[in-house]
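To keep things clear, I will list the structure first and then write my remarks on it.
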Amino acid sequence: MFDQLADYTIPVFHPIVVHFPVALAVLALIPALLWLMRDRVRWLGITLAAEVLAFIGAYVALETGETLEHESEGVTIVDQFVHLHETMAERAMWVIGITCVALIFAAWWGRRDLSRPGVHLGIRIAGFLLVVAAAILIGLTAHIGGIMTWGVPS
């Protein structure tokens, strides 16, 4: 039975790769919320790590999506939504990237401001809102991709 697996290949990796940035961007909400509430460097670091990995995953998903777009030409539902999906993916990747930069700034600012431990509440709120925006954008992008894959007219 296992020898039959060698008879098949996966021609495009986009459907496999896309799950990583979605999961990581949504998962980053938990340590971001804990960082917002508790102001511990550990939670900031975990949030930043999740966002950096989500950014890398989003970049790879965007690149592999180009191949899948060419493979799917002529499929009506894909032709209808592919440009919206690609635009949303680019925006999500940019917001995740901006979130990474903002979190790096927050870590730097927290170490720079010796007048108090941790990071100022306003910076934590801004960082948390960026993590939320990134999760929402990547979730919307995934929803459009799901419609392109599984959608049926109602």
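Observations
- Yes/no for LEU5 being surrounded by fewer than 18 Cβ atoms within 10 Å (Cβ to Cβ) and at negative phi: yes
- Test: residue in region 91-112 that is farther than 18 Å from HIS143 by Cβ and touching a Ser or Thr at 6+ places or on another chain (Cβ under 7 Å): yes
- Residues in region 8-41 that are buried (at least 19 other Cβ atoms within 10 Å of the Cβ) and among the small types (Gly, Ala, Ser) were compared, and the one that is nearest to the chain's Cα centre (by Cα) is ALA25.
- So THR64, is it of a type in the set (S, T, N, Q), closer than 23 Å to GLY146 by Cβ and free of Cβ contacts under 8 Å to residues at least 12 places away in the same chain: no
- Residue match in region 51-65 (condition: of a type outside the set (A, V, I, L, M), touching a Leu at 6+ places or on another chain (Cβ under 8 Å), modelled with pLDDT of 95 or more and crowded, with 17+ Cβ neighbours inside 10 Å): yes
- Residue within region 4-18 that is of a type in the set (S, T, N, Q) and at pLDDT 95 or above present: no
- Those residues of region 1-23 which are under 21 Å from ALA135 (Cα atoms) and part of a loop (DSSP other than H, G, I, E, B), in sequence order: VAL18
- Here the condition is being farther than 13 Å from ALA25 by Cα, in contact (Cβ under 8 Å) with a residue 12 or more places away in the chain, of a type in the set (A, V, I, L, M, F, W, C) and surrounded by 19 or more Cβ atoms within 10 Å (Cβ to Cβ); of LEU44, LEU84, LEU48, it holds for LEU44 alone.
- Any pair with Cβ under 6 angstrom, 6 or more apart, that starts in region 1-12 at a residue that is free of Cβ contacts under 8 Å to residues at least 60 places away in the same chain and ends at one that is surrounded by 10 or more Cβ atoms within 10 Å (Cβ to Cβ): VAL12/THR67; VAL12/LEU68; VAL12/GLU71
The values are calculated or read from the model by the stated rules, or taken from the named source; none is laboratory data. Computed from a prediction, not measured in an experiment: that's the story for all the values here. Methodologically, a virtual Cβ is constructed for each residue, glycine included, from the backbone with ideal geometry; neighbour enumeration extends over all protein chains shown.
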